[in-house]
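Scroll down for the structure; my scribbles are underneath it.
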Amino acid sequence: MQDHDKQNPYKCNQCPMEFQYESWLRRHYLVHTKEKPFKCNQCDYECKRKEHLLTHIRNHHESQLSSQQIPSKKSFKCVKCSGKIVKKAAFHAHVVNNRCDPNRFPCDKCSKKFRFESRLIEHYRVHTGGKPFKCDQCAFAYSSNRNLKKHQNKKHKK
């Protein structure tokens, strides 16, 4: 356990995640908030990560923008998962840290494993009973924003 602590000295105080770098921990904290600092200037899309905004712009607004306004499509492709990553350092981290491993994030409470950190955090609420996503139109609450959106679309769609 001590070697693991040396490898990942930055620990989240809201979930069991640990990180090698403080900057990764700061970025991770966004999963615990509703803050979405990256906003599309073409529509009302908002997200937590810059790379998600760039992907959104390329996928949804390419025909509306001039070639100078569209983020570069140059990317590095992972041979294991076919993931495309724009930044060289992020691609290197993806390969070195085996980020396409479907079992990368194991739950420390049960045997489940997840490819994405966000899914582990969502799953972890099964063990804690946490339901931070509350419907603003009724009394229901959910452990994930995804399930809240499904509920709202099914029960409160206008």
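Odds and ends about this structure:
- Taken over the stretch 13-58, the criterion of being surrounded by 14 or more Cβ atoms within 10 Å (Cβ to Cβ), in a loop (DSSP other than H, G, I, E, B) and over 16 Å from the mean Cα position of the chain (by Cα) is satisfied by Gln20, Cys40.
- Listed by first and then second residue, the pairs linking a residue in the stretch 15-43 that is in contact (Cβ under 8 Å) with a residue 24 or more places away in the chain to a residue that is surrounded by 12 or more Cβ atoms within 10 Å (Cβ to Cβ) and of a type in the set (Lys, Arg), with Cβ atoms under 8 Å apart and 6 or more places separating them unless they lie on different chains, are Met17/Lys11; Val31/Lys48.
- Only residues that are part of a loop (DSSP other than H, G, I, E, B) and surrounded by fewer than 15 Cβ atoms within 10 Å (Cβ to Cβ) were counted across the stretch 86-111, and they come to 10.
- The set of residues in the stretch 102-130 being within 16 Å of Cys15 (Cβ to Cβ), of a type outside the set (Asp, Glu) and over 18 Å from the mean Cα position of the chain (by Cα) consists of Lys109, Cys110, Lys112, Val126, His127, Thr128, Gly129, Gly130.
Laboratory data are not the source of any read-out in this text; all were calculated from the coordinates shown. Quick caveat: nothing in here was measured; it's all calculated off a predicted structure. A quick note on method: Cβ atoms are made from the backbone with ideal geometry, for glycine too, and the neighbour counts reach across all protein chains shown.
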